[in-house]
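The next block holds one structure in the form of structure tokens; read it before the comments.
The values are calculated or read from the model by the stated rules, or taken from the named source; none is laboratory data. The shown structure was predicted, so the numbers you read here are calculated from the model rather than taken from an experiment. Here the Cβ positions follow ideal geometry from the backbone for every residue, glycine too, while neighbour counts run over all protein chains shown. Calculation scope for accessible area: heavy atoms of the full protein, side chains included, ligands and nucleic acids excluded. Shrake-Rupley method; radii C 1.70, N 1.55, O 1.52, S 1.80 Å.
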Amino acid sequence: MSTFEGIPTAAFRFYAELEENNNREWWLEHKKTYDAEVREPLAALLSELEPQFGTAKIFRPNRDIRFSQDKSPYKSAQGAFAANQEGVGYYVQISADGLLIGGGYHSHTPAQLARFRAAVDAPDSGEELQRIVDTVAAAGFAIEGEKLKTVPRGYDKDHPRAELLKHKSLSASVEVGQPDWLRTPTAQEEIAARWEELRPLVEWVGEHAAP
């Protein structure tokens, strides 16, 4: 594995051009650029972050178009997920807009969802999560995840943590764009610092909702 030297500007340019040329012919013609400017730097970054945040998976660049009206064959961003538990961990994404950093809890089997809601409902664990979410939001992250429109059945609609109870998954992310440090080895430290800000959220959902 090569040493991480930063995410080159060419990675973001690649996705800007892909948005205008999302077809197999263009992709094959530019695959060497994808490998050298997107996949290899991202793999090097994740390898160096692995001891701190867990094993990472780089997602496939191909879209699943079987049930989609949009038949564009390639994703307009390259994402990767570092996790110590299935469905719970840290996310990073490269696109034409720049870098996105996030983390949280993305899967929700019925059993996981039941555990999550019970923990949100319980005063001690629920209030702890509310404090974590408030801190993460104050740090500039957007609180996200699949949500119901109303409080789930069985819970008071005026529950003090009604908004958290609506979540079927819970994550947070921030778009950092293309700052100068992104093209340097310092990007590793910057991304690690953002992931550390998300660690309390990741660890809470890992304890209360993961398998």
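Roughly how many Å² of Ile132 are accessible to a 1.4 Å probe, to the nearest 10?
Approximately 20 Å² of Ile132 is accessible to the 1.4 Å probe.
Mind jotting down the distance between the C-alpha centroids of the stretch 142-208 and the stretch 96-125, whole Å?
8
Please give the calculated 222 nm ellipticity per residue for the chain, where each DSSP H segment of at least 4 residues contributes -39500 (n - 2.57) and the sum is spread over every residue; nearest 500 deg cm²/dmol?
On the way: 7 runs with 91 residues, N = 211.
Helix contribution divided over all residues of the chain: -13500 deg cm²/dmol.
Within the stretch 1-63, report the chymotrypsin sites (Phe, Trp or Tyr not before Pro) that DSSP leaves as loop and that have at most 16 other Cβ atoms within 10 Å. The partial results should precede the final answer.
Values: sites: Phe4, Phe12, Phe14, Tyr15, Trp26, Trp27, Tyr34, Phe53, Phe59; in loops: Phe4, Phe59.
Counting only loop positions with at most 16 other Cβ atoms within 10 Å, the chymotrypsin sites (Phe, Trp or Tyr not before Pro) in the stretch 1-63 are Phe59.
Considering only Phe4, Phe116, Ser72, whose Cα is most displaced toward the positive end of the charge dipole of the chain, charges sitting on Cβ of Lys, Arg (+1) and Asp, Glu (-1)?
Ser72
Report, by chain and number, residues whose modeled amide H sits under 5 Å from the one on Ile7, excluding near sequence neighbours (fewer than 5 apart, same chain).
Arg183, Thr184
Report Glu127's accessible area, 1.4 Å probe, all protein chains in place, as a number in Å² to the nearest 10.
About 90 Å², ignoring ligands and nucleic acids.
Kindly rank 84-97, 170-183 from highest to lowest mean number of other beta carbons found within 10 Å of each residue. Walk me through the numbers before you get to the answer.
Values: 84-97: 20.5, 170-183: 17.4.
In decreasing order of mean packing, 84-97, 170-183 become 84-97, 170-183.
Quick test of the membrane-span-like rule: which DSSP H helices of the chain reach at least 27 Å along their long axis (C-alpha atoms) with mean Kyte hydropathy at least -1.0? Let's see the in-between values first.
Values: long enough: 186-208 (34 Å, -0.67).
Span-like helices here: 186-208.
Anyone know which of Gln78, Gln112, Gln52 comes out most mobile in the 10 Å Cα GNM of the chain?
Among Gln78, Gln112, Gln52, the largest mean-square fluctuation in the Gaussian network model of the chain belongs to Gln52.
If you place +1 on the Cβ of every Lys and Arg, -1 on the Cβ of every Asp and Glu, and leave all else neutral, what size is the dipole of the chain about its Cα centre, to the nearest 20 Debye? Walk me through the numbers before you get to the answer.
Numbers: 24 positive and 33 negative charges, 185 e Å.
Computed charge dipole of the chain: roughly 880 debye.
Could you tell me what percent of the accessible area of the chain is made up of carbon and sulfur, with a 1.4 Å probe and every protein chain present? Walk me through the numbers on the way to the answer.
Working: 5280 of 11110 Å².
Accessible surface attributable to carbon and sulfur in the chain totals 48 percent.
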